[in-house]
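Here's the structure, in structure tokens; my notes come after.
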Amino acid sequence: MLRALCLIGTSLLFTTGLRYIPLAEATAVNFLAPLLVTALSVPFLRERVSRAQWLAVLAGFVGVLIVVRPGGALFTPAILLPLGSALCFGFYQLLTRKLSGVDSPTTSNFLTGILNSLIMSALLPFFWSTPTLVHGLFMIGLGTCGMLGHMLLTQAFRHAAPAMLAPFSYGQILFAGLFGYLIFDHTPDQYALVGIAVICLSGLAVAWAQRKR
């Protein structure tokens, strides 16, 4: 139940945030999640995190601050939406890791999907808007990609620790920047690019430190 609520929070907060925050920057802020997974795997999963990994996590937080930079265009209440999404997704990944040794990926994702459907169906009448055919096809594609992604994520957590896996998802930031440029004609400014680079490098540093152990 808690895992399903975390996933709903992740989706709703991030999707809503995209109404106000550009795709690349919102994705970069959302990538606090892997850093949170690394940090929170210590108290929640009793895993060891090295000093180098802690430094990388700290660098990642600095990278997010560079992207958001107080006083900049993104420093608005709307930035709390992708930040909240990151927090929810971090806990989702930790719960996925805990359940991976108990349930199979198929069972875990099936139960999460059922709970998500029930909760969202209860909310649907309050926000319903009839989609067009094109929007319907987009939603089917989105659901299919999401299902495959979550199944692969659950399977990955069966074979490796969260601190090891988390950094590999940083490629999403690059694709977000590319799609933001191609589809929405948005290019991050120099500060955002520096912050995004710091976030990506911090993730790679976490992975490198994990392999050294």
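DSSP loop chymotrypsin sites (Phe, Trp or Tyr not before Pro) in the stretch 124-161 with at most 16 other Cβ atoms within 10 Å of their Cβ, which ones? Don't jump to the answer; show the numbers that get you there.
On the way: sites: Phe126, Phe127, Trp128, Phe138, Phe157; in loops: Trp128.
Filter output for the stretch 124-161: Trp128.
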**Asked** With the Cα gyration tensor of the stretch 11-87 giving a ≥ b ≥ c as the square roots of its eigenvalues, does the rule (a/c under 1.5 for rounded; else a/b larger than b/c for prolate; else oblate) give rounded, prolate or oblate?
**Response** oblate
**Read-out semi-axes √(5λ) of the Cα gyration tensor in Å, derived from the coordinates shown; its label in (1) 34, 29, 11; (2) 27, 25, 14; (3) 29, 18, 16** = (2)
**Asked** Over what distance in Å are the Cα centres of the stretch 31-87 and the stretch 106-155 separated?
**Response** 27 Å
**Asked** Just going by the charge dipole of the chain, with Lys and Arg at +1 and Asp and Glu at -1 on Cβ, which of Leu36, Tyr181, Phe110 is farthest out on the positive end?
**Response** Leu36
**Message:** Out of the trypsin sites (Lys or Arg not before Pro) in the stretch 1-86, which ones are loop residues according to DSSP with at most 16 other C-beta atoms within 10 Å?
**Reply:** Arg19, Arg46, Arg48
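Only helices at least 20 Å long along their own axis, judged from Cα atoms, and with Kyte-Doolittle mean hydropathy of 0.0 or greater: name those in the chain from DSSP H.
Working: long enough: 2-17 (22 Å, 1.40); 51-68 (26 Å, 1.97); 80-100 (30 Å, 0.89); 105-127 (32 Å, 1.09); 133-157 (36 Å, 1.35); 190-212 (33 Å, 1.10).
In the chain, the long hydrophobic H runs are 2-17, 51-68, 80-100, 105-127, 133-157, 190-212.
Let me know the charge dipole size of the chain about its Cα centre in debye, to the nearest 20, where only the beta-carbon of Lys, Arg (+1) and Asp, Glu (-1) is charged.
On the way: 12 positive and 5 negative charges, 164 e Å.
For this selection, approximately 780 debye.
Quick note: the coordinates plus some simple rules give every number you see, no bench work behind them. Here the structure is a predicted model, which is why all the values come from computation and not from measurement. When we count neighbours, we look across all protein chains shown, and the Cβ atoms used for this are built from the backbone with ideal geometry, even at glycine.
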